[in-house]
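Participant: Please read through the structure below; I'll follow up with questions.
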Amino acid sequence: MIAKLKQYFPCCWQDTVVLTILMASALDICLLLQPLGTNGLHVPLVFVLAVLITAGHTTGYLYGILASVIAMFGVNFVLTSYFSLRFWLAGYPLTFLTMFSVSIVTSTFTTKTREQERIRIDAEREKMRANLLRGIGHDLRTPLTSIIAATNLLLEDGNRLGEDEQREMLCSIRDESEWLIRMVENLLSITRFDGGAAKLKRVDAAAEELMGEVAMKFQKRFPEVRVDAVSPNELLMISADVVLIEQVLFNLMENAVLHGHADAITLSVEPDGKKALFQVEDNGCGIDEALLPHLFEDYVYQITGESSHDMKQNLGIGLSVCMAILKAHNSTLRARNKTEGGAVFSFILS
């Protein structure tokens, strides 16, 4: 019972401020219009509007009901000789009943709308979690199977394998292990942003330095890929969680190599008004046109033209992480194919 009362009659300082400002504004407007000789017809209308806005922009029923009560006093204050309370005058009961009804109806509509939105968000989150777990089950199984197979071969037949074959097996184990580390890092980021409760560690940073750090880390992982970093002549500062934005850029560049089969990537940033536009361009095969409209939906597999082994390094986890990070920064990720070949991913930061 108490929980229900708290749900429908919550109290918070933000809603109190909204109520105070709207009621004070309604009273000021009525007093300013009073000398115009409107016979007071505007007063109930102004306060009804104030009650409607209050009920629609606050949570639960409490502030809508309070607004109707305060509005009744406000109408009485304006239409009578000030500070004279005469609620028995003709039309007052009907005016109060109208305001009270408006507050109840509006609060009910607002509460139901917010509840439906919460249910929809919860359902989408559960759907995303189910798709994510389904994808993770496949993604983790493939590299682990490869690692186990390679280690078993080395343990059982290591003496009969040549040096080159042993080195190839060890390189395979190393590559699969590195990919698993990247997967775990991405999963930890998704967990951090689950439910939108992440806390960003925003700092002021130079966009050029951020790109340089990402390019250096990427070159260590993919030394055979050419990376060009392009930045404006003037210093471009951003306010962001630098570690997370570096992860976004790294994921996009990694996707360009693993899925776009690119051997050259251009990482660029340029001013976009007072914001910074980041772009990751590659010279690969681009994004399948059938996949492009659904690229950021849930957990996406790029199944076109890829073997089952390559599917372990799909676009889903990386892009899910990128979208979660950018949404936390009040931004979004966009993708398109270039006419000359390759793809471009872009996002804007303030």
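The values are calculated or read from the model by the stated rules, or taken from the named source; none is laboratory data. None of these values were measured; they are calculated from a predicted model. All Cβ positions, glycine included, derive from the backbone under ideal geometry; neighbour counts span all protein chains shown.
Participant: Would you check which residues across the range 221-247 are under 17 Å from the mean Cα position of the chain (by Cα), of a type outside the set (Ser, Thr, Tyr) and at pLDDT 90 or above and list them?
Facilitator: Result: ALA240, ILE245.
Participant: If you don't mind, another one. Mind telling me which of the residues VAL51, VAL43 ends up being modelled with pLDDT under 85, in the same structural domain as THR106 (by TED's automatic domain parsing) and either in contact with a strand residue (DSSP E or B) (Cβ under 8 Å, 6 or more places away or on another chain) or closer than 27 Å to THR108 by Cβ (or both)?
Facilitator: None of the other options fit; the residue is VAL43.
Participant: Still on this structure, please answer the following. Could you go through the range 92-102 and let me know if any residue there is in the same structural domain as PRO35 (by TED's automatic domain parsing), modelled with pLDDT under 70 and in a loop (DSSP other than H, G, I, E, B).
Facilitator: Taking every residue of the range 92-102 in turn, none turns out to be in the same structural domain as PRO35 (by TED's automatic domain parsing), modelled with pLDDT under 70 and in a loop (DSSP other than H, G, I, E, B).
Participant: Being of a type in the set (A, V, I, L, M) and either within 13 Å of ARG125 (Cα to Cα) or at pLDDT 75 or above (or both) is the filter here, so list the residues in the range 178-196 that pass it.
Facilitator: Listed by number, the residues that qualify are LEU180, ILE181, VAL184, ILE190.
Participant: Could you list, in sequence order, all residues of the range 225-263 that are β-branched (Val, Ile, Thr) and closer than 17 Å to ALA324 by Cα?
Facilitator: Within the range 225-263, VAL242, VAL243, ILE245, VAL248 meet the criteria.
Participant: Determine if the range 118-127 includes at least one residue that is at pLDDT below 80, surrounded by 15 or more Cβ atoms within 10 Å (Cβ to Cβ) and out of contact with any Ser or Thr (no Cβ under 6 Å at 6 or more places or on another chain).
Facilitator: No, the range 118-127 has no match at all.
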